[in-house]
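K.L.:
Sharing a structure with you now.
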2 protein chains.
Amino acid sequence: MLNYSTSEENYIKAIYHLQQQDGLVTTNELAAELKAKPASITDMMKKLKAKKLLHYEPYQGFSLSNEGKKVALGIIRRHRLWEYFLAEKLKFTWDEVHEVAEHLEHVSNKKLIDKLDEFLGFPRVDPHGDPIPDEDGKIEASRQVCLPDLPLNKAAIVSHVSDQSSAILELLKHKNIGIGTKLEVKKKFSFDNSMEVKAGRQPVFTISEQLAKNIFVKYGA
Amino acid sequence: MLNYSTSEENYIKAIYHLQQQDGLVTTNELAAELKAKPASITDMMKKLKAKKLLHYEPYQGFSLSNEGKKVALGIIRRHRLWEYFLAEKLKFTWDEVHEVAEHLEHVSNKKLIDKLDEFLGFPRVDPHGDPIPDEDGKIEASRQVCLPDLPLNKAAIVSHVSDQSSAILELLKHKNIGIGTKLEVKKKFSFDNSMEVKAGRQPVFTISEQLAKNIFVKYGA
DNA sequence: ATATTTTTTTAGACAAATCTAAACTATTGC
DNA sequence: GCAATAGTTTAGATTTGTCTAAAAAAATAT
C-alpha cells in the first residue's frame, strides 16, 4: 500500500462517506463536505484518477475504485482506533475525540496501528458506535436501531435520543446514559416490555419500554 | 502558542539539538542534519526569523530565540511522550520508537499531550533516557554517567556499553540488560564495589564493579 | 425545443517548500 | 595580503494544493 498525502487522504475519506449514502458523488457535494471550492475538487479528482483510486469521467460524478475503498478503510481504521484510544484511555468525552483523531489518522504506520489495536483489545466499534475495520479492511455493517430492537447481549453505543423533552433528559441524566454510552440489553420482560440493561460501568438496572423506544444505539452487525 | 508547519517544526527541532552542542548553528550543519540543500536552509531561516523564532544575520549562523526554544521544547515534549507510550504501552523496542514518534510529534493539541502525559504517569525520561519537558517547557539536564557514578535509587536508562567484546555481551544478555533497559542502583558494597541493581521488571540482583564500569546510563538530573 | 440556470471544468495565479546553478562572502594557505 | 577554497545566499524553476474568473456542459423551466 502506497502512501498518500494528508490532503489526498481527506478527499478519499470524504468520498467514501458520501458514496455510502449517494452512490455517485458530485463535485459540489464534495466541495461542501470538504469546505473547498469546486475547482479544487476537479483538480484532485484528476490526480486520484491517475492513481487509479477512483472512477471519474468529466461531468459524470465519481466513486472510489476497489483500491480507493481499501485506502479509505485503512484511514477509517486509524481514525476510529485513535478515537477509541482517546475515549477509553485518555478519558476524552465522545464529542471531543473526532477532531483530534482527524490529525492522528494521517500517521500511517502499519505496525503502530496494529499494535494500538492489540493494546486496546481489538475493539469492534468506536465511541460513536461505528464499526472499526480490521487489518484487512473488513468492516461490519453499521446498524442503528432503537433499544427494543437491539439483540440481547450485543454491545452497542448510544447514538441518538429521539424525544428531546426535559423530562427524558432528566431521566437519562439520572441513569448516566448519554450519547456515547456503552449499552447492552441483558434481559427483556414480555409483561411490560421493560428491560434490564448494562450501561457503561454501572451495575445492571431496569428501564421502561417508553424510555427504551427513545434511545437509539449503533452496533457492528 | 501559534501553530507551525511540520516542516518548520523539523527545522526548529534540529536547530535546538545542534545548538545544544555548538552554540551558533551554521547553514551546512543544518543542511546535513536535515538532509536538505543549503539553499533550502537559508530560505527557511528567513521565514523563521520573520516569525521571531530565531536570531539570524546573513553569513553569521543562527540560534533560537527564547520563543523558538519554547516551541522546540514543546515539540520535544510531544516526541518523547509518544516514544514512552510506544515503548511502554505498545511494546515497541527502544530502537523502533524514534521513527514513529517523528510523525506523531507534529500533532499539536495541548489537551491530547497533557492527557497522554497523565495517562503515562508523568514519566521523567523517554526510552533512550532523555528527559521529557513538562507542560511549561521545563526540562531536567540530561546526564550520562557510568553505573558506579549513578546516585542510589535514581531511575536511569542504559544508553551505551563501552566494551563490545562477546564476553560482556553474553553476560548482559543473560542478565536481560540492553540499551533502553530501565536501571536503578539499590545498594553499593564498598568491599568489592559490587552493587545491587533493579533492571527492568526483574527482581534485584548483583553485578560486579567490572561490569558496572562498562554500562553507561542516562537520567534526568 | 430553446433559453436560462446550475454545475463542472479549464486557465491562470499564488503560497509553501523544495531544488539547481550562479553569485557572493568569508576563511585559509602560502 | 591576496588568491584559492569553502560556505552561504540569491535568482529562478518545480511540485503540491489551493484559489478566482471565465468557459463549457448539463439540467431545468417555460
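The values are calculated or read from the model by the stated rules, or taken from the named source; none is laboratory data. Since we're looking at a predicted model, the values are computed, not measured. Heads up, the Cβs are rebuilt from the backbone with ideal geometry, glycines too, and the neighbour counts pull from every protein chain shown. To get the accessible areas, we keep the full protein, side chains included, count just its heavy atoms, and leave off ligands, DNA and RNA. Shrake-Rupley method; radii C 1.70, N 1.55, O 1.52, S 1.80 Å.
K.L.:
Using 0.36 nm per residue of separation minus the Cα-Cα distance, give me the extension gain between B:A155 and B:K37 in nm, one decimal.
P.N.:
On the way: separation 118, 0.36 × 118 = 42.48 nm, distance 4.08 nm.
Value of the extension gain: 38.4 nm.
K.L.:
Ignoring ligands, DNA and RNA and using a 1.4 Å probe, state the total buried accessible area between A and B in Å², rounded to the nearest 100.
P.N.:
1600 Å²
K.L.:
How much accessible area does A:E135 have with a 1.4 Å probe, in Å² rounded to the nearest 10?
P.N.:
We get 110 Å² for A:E135.
K.L.:
Could I ask something else about it? Just for the Cα atoms in region B:69-140, what are the lengths along the principal axes, largest first, rounded to whole Å?
P.N.:
Extents along the principal axes: 29, 22, 20 Å.
K.L.:
Something else now. May I ask for the Kirkwood hydrodynamic radius of the protein assembly as shown, worked out over all distinct Cα pairs and given in angstroms to one decimal?
P.N.:
Kirkwood radius, the protein assembly as shown: 25.7 Å.
K.L.:
Tell me, in nm to one decimal, what length is gained between A:T206 and A:H174 on full extension, where the rule is 0.36 nm per residue of separation less the Cα-Cα distance?
P.N.:
Full extension of this stretch gives 10.2 nm more.
K.L.:
Let me ask something additional. Would you work out which of B:L86, B:L104, B:G68 lies farthest towards the positive end of the dipole of region B:64-114, given +1 charges on the beta-carbon of Lys and Arg and -1 on that of Asp and Glu, about the Cα centre?
P.N.:
So the residue we want is B:G68.
K.L.:
Report the charge-dipole magnitude of region B:143-220 in Debye, nearest 20, computed about the Cα centre from +1 at each Lys and Arg Cβ and -1 at each Asp and Glu Cβ.
P.N.:
Details: 12 positive and 7 negative charges, 75 e Å.
It works out to roughly 360 debye.
K.L.:
Then there's this: Provide the FRET efficiency to the nearest 0.05 for the B:E140-A:L120 pair, computing r from the beta carbons and using R0 = 30 Å.
P.N.:
In this case the efficiency is close to 0.40.
K.L.:
Any chance you could run the full-extension gain for B:S165 through B:N109? It's 0.36 nm times the residue separation minus the Cα-Cα distance, nm to one decimal.
P.N.:
Details: separation 56, 0.36 × 56 = 20.16 nm, distance 4.59 nm.
Using 0.36 nm per residue and subtracting the Cα-Cα distance, I get 15.6 nm.
K.L.:
For the pair B:S5/A:D95, report the inter-label distance in nm, with labels modelled 7 Å from Cα in the Cβ direction.
P.N.:
Spacing of the two 7 Å Cα→Cβ label points: 3.5 nm.
K.L.:
How large is the helix-only mean residue ellipticity at 222 nm for the protein assembly as shown, computed as the sum of -39500 (n - 2.57) over DSSP H runs with n ≥ 4, divided by its residue count, in deg cm²/dmol to the nearest 500?
P.N.:
Numbers: 16 runs with 188 residues, N = 442.
After summing the helix terms and dividing by residue count, I get -13000 deg cm²/dmol.
K.L.:
May I ask for the Rg/Rh ratio of region A:43-97, computed from Cα atoms with Rh as the Kirkwood radius, given to two decimals?
P.N.:
For region A:43-97, the value is 1.23.
K.L.:
Now a separate question. Keeping every protein chain present and rolling a 1.4 Å probe, give me the accessible area per residue for the protein assembly as shown in Å².
P.N.:
53 Å²
K.L.:
Running a GNM on chain B with Cα contacts under 10 Å, which residue among B:S142, B:S40, B:S190 ends up with the highest mean-square fluctuation?
P.N.:
Highest fluctuation of the listed residues: B:S190.
K.L.:
Then there's this: Would you look at the GNM of chain B, springs on alpha carbons closer than 10 Å, and say which of B:R201, B:R80, B:R143 moves the most?
P.N.:
Highest fluctuation of the listed residues: B:R201.
K.L.:
Next up: Over all directions, the average projected area of the alpha-carbon convex hull for region B:143-220 comes to how many nm²?
P.N.:
4.5 nm²
K.L.:
Go from 0 up to the bin containing the longest alpha carbon distance in chain B, width 10 Å each, and give me the % of pairs per bin.
P.N.:
8, 29, 29, 21, 11, 2, 0
K.L.:
So what does B:H55 come to for accessible area, using a 1.4 Å probe and Å² rounded to 10?
P.N.:
That residue has around 110 Å² of solvent-accessible surface.
K.L.:
Looking at this model, which pairs from B:K91/B:K218; A:K13/A:K37; A:K89/B:K91; A:K186/A:K218 are more than 19 angstrom apart at the alpha-carbon? Provide the component values of the computation, followed by the final result.
P.N.:
Values: B:K91/B:K218 21 Å; A:K13/A:K37 17 Å; A:K89/B:K91 16 Å; A:K186/A:K218 16 Å.
In this structure, B:K91/B:K218 lie more than 19 Å apart at Cα.
K.L.:
Assign unit charges at the C-beta atoms only (+1 for Lys and Arg, -1 for Asp and Glu), then state the dipole size of the protein assembly as shown relative to its Cα centre in Debye, rounded to the nearest 20.
P.N.:
Computed about the Cα centre, the dipole is about 320 debye.
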